[in-house]
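The values are calculated or read from the model by the stated rules, or taken from the named source; none is laboratory data. In this text the structure is predicted, and so the values were computed from the model without any measurement. Cβ sites come from the backbone with ideal geometry, for glycine too, and all protein chains shown count toward neighbours. In case anyone asks, the SASA skips ligands and DNA or RNA and just uses the protein heavy atoms, side chains included. Shrake-Rupley method; radii C 1.70, N 1.55, O 1.52, S 1.80 Å.
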Amino acid sequence: MDFREPLSAAAALASGALAGFVLTNPRNRAWTINASDREIERWLSSQPTGVVVALVLAVVAVAGLQRSGSRRVSWILAAACALALIGARWAVPNAGGVDTLIALHFAKTATAGFLLGAAVAAVWGRWVSHLALTLGVASAFLLASVQRLPRSDTAYVEPASMSTSAIGEPPQWLLLGVLVLALASALVARSQFRVQRPDRRTLLTALVGAVALALLNRLFGAWIDDQEFGEPLTVWLIVAFSLAVILTATVLIARRFPGIDGRFLLAATGVTAAAVLVLDDLRTPRVTTPAPALLAVGVVALAAGIAVAVRVPPKWRRPQWGLCLAAVVPLLAAVWPDFGDDGVALLIRLAVLGCGTGFALATALPGSAPVAVLGFALPFASLVFVAATTVPRSRVVYSGASSEHRLPSSPASTAASDHLVGFVMLLVVAFCVYSVHERRSTPEGS
């Protein structure tokens, strides 16, 4: 029995999950550290910046590894990344201050970008490992922030947790698992099985696309965040403009990829838009649903969606169907915003989202490794979607001349924003469905 393929799949699953955990970047006002306002502002600003840099580095890693051509080198790089993340985890409790935490955060996210690129380069071309990597990355995207540090929405907690991230450091078992599995995969890798050969045009398009989407998400995400105390009409105009620019850029980049590979970028964008409202609920400290139940339902739903995608006849193997299923989540949010923010209903929403996400991603997997790594990293760097769903619903207004007297928005305004956020995300998913269908209908090579 050849155990190389199961071992490679296990290493891909663990590597994708670890990279995704590190790149998870929830917008959270509940700090995990005690520091001055200026230091906390710098700490918060570093979080999304590190993630968008990792998006670019993931593509760079694939480009370099495709030139080397060795799967063994790819797994050795993955093991080195795991070792570096273990060192960062050890260094966090001994950090001397916020500057050290920020430096560690940038080191961690850069390492996660290289880890994701190494995993994609190592397994691309092997169908089972493709699916395992998809499951690992998607599970981290949906479920990483189920791990919540002890903290409060409104006050600092004592003692404060020293952390480079709002969700804390990766678990030790995952770090060690990636290290062991990557080293084992490197040892048994056959030299005759090479990394996918690079295509210069695809590599260049992926790199330019990664840089463009990283910059746009960082700039527009920060612009929306700055409107937290703005007028509702101004906030929504900025949200609409930002989403329009991001979607237009995504479609233009997707069209530049060969064949129908660009569908993967559109599918990743669609599931991100469908997921952000559920992720916002999962990241709320008020959630009482046990974390093991959330993890079990999420992973099983994703695995079921991927399994169905593999089993259905080819004529039904289209990402549009998965996106339509995932669109049920923003549709519910548009009609009934309070449905499913906790308990069994939250598990139901998570299950629907997981099935749709797994099916959409598995049926849109590209043939090119650079396209794959860009699509895998994009949901974590989609800062505009996160800001567009959190800022309008958490917006506060001034009461009086002093900024110290800030009051929440009126209940009517908050309810209207909740409905509108769901409707806007539904439109985004619908746009991605249309774009995927259009891409499918476009003759190859056009």
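Observations on the model:
- Failed condition for Thr202, given (1) more than 25 Å from Arg89 (Cα to Cα); (2) at pLDDT below 85; (3) among the hydroxyl-bearing types (Ser, Thr, Tyr): (2)
- Gly259 farther than 27 Å from Ser368 by Cα and surrounded by 15 or more Cβ atoms within 10 Å (Cβ to Cβ): no
- Some residue of the range 430-442 being open to solvent by 60 Å² or more (accessible area, probe 1.4 Å), out of contact with any strand residue (DSSP E or B) (no Cβ under 7 Å at 6 or more places or on another chain), among the hydrophobic types (A, V, I, L, M, F, W, C) and modelled with pLDDT under 70: no
- Of the listed requirements (1) open to solvent by 10 Å² or more (accessible area, probe 1.4 Å); (2) in contact (Cβ under 8 Å) with a residue 60 or more places away in the chain, Gly221 misses just one: (1).
- Of residues in the range 36-87 being assigned to a helix (DSSP H, G or I) and of a type in the set (S, T, N, Q), the one farthest from Ser129 (Cα to Cα): Ser45
- Residue in the range 262-278 that is open to solvent by 10 Å² or more (accessible area, probe 1.4 Å), in a loop (DSSP other than H, G, I, E, B), over 19 Å from Leu332 (Cβ atoms) and touching a residue at least 60 places away in the same chain (Cβ under 8 Å) present: no
- Scope the range 205-218; condition buried (at least 23 other Cβ atoms within 10 Å of the Cβ) and of a type outside the set (A, V, I, L, M); matching residues: Thr205, Gly209, Asn217
- Residue count for the range 341-397, restricted to those that are over 15 Å from Val276 (Cβ atoms) and charged (D, E, K, R): 2
- Test for Thr250: is it more than 15 Å from Ser45 (Cα to Cα), in contact (Cβ under 8 Å) with a residue 24 or more places away in the chain and not aromatic (Phe, Trp, Tyr): yes
- Among the residues listed as Thr357, Thr390, the single one being hydroxyl-bearing (Ser, Thr, Tyr) and crowded, with 24+ Cβ neighbours inside 10 Å: Thr357
- Annotation note: of Ala182, Ala121, the sole residue that is modelled with pLDDT under 95, open to solvent by less than 10 Å² (accessible area, probe 1.4 Å), assigned to a helix (DSSP H, G or I) and hydrophobic (A, V, I, L, M, F, W, C) is Ala121.
- Ile238 being aliphatic (A, V, I, L, M), over 18 Å from Ala54 (Cα atoms), buried (at least 17 other Cβ atoms within 10 Å of the Cβ) and free of Cβ contacts under 8 Å to residues at least 24 places away in the same chain: yes
- Residue match in the range 396-419 (condition: open to solvent by 40 Å² or more (accessible area, probe 1.4 Å), within 28 Å of Val51 (Cα to Cα), in contact with a helix residue (DSSP H, G or I) (Cβ under 7 Å, 6 or more places away or on another chain) and modelled with pLDDT under 90): no
- Residue check for Arg283: of a type in the set (Lys, Arg) and over 30 Å from Ala416 (Cα atoms): no
- Test result for Trp127, of a type in the set (Phe, Trp, Tyr), at pLDDT 85 or above, under 23 Å from the mean Cα position of the chain (by Cα) and surrounded by fewer than 24 Cβ atoms within 10 Å (Cβ to Cβ): yes
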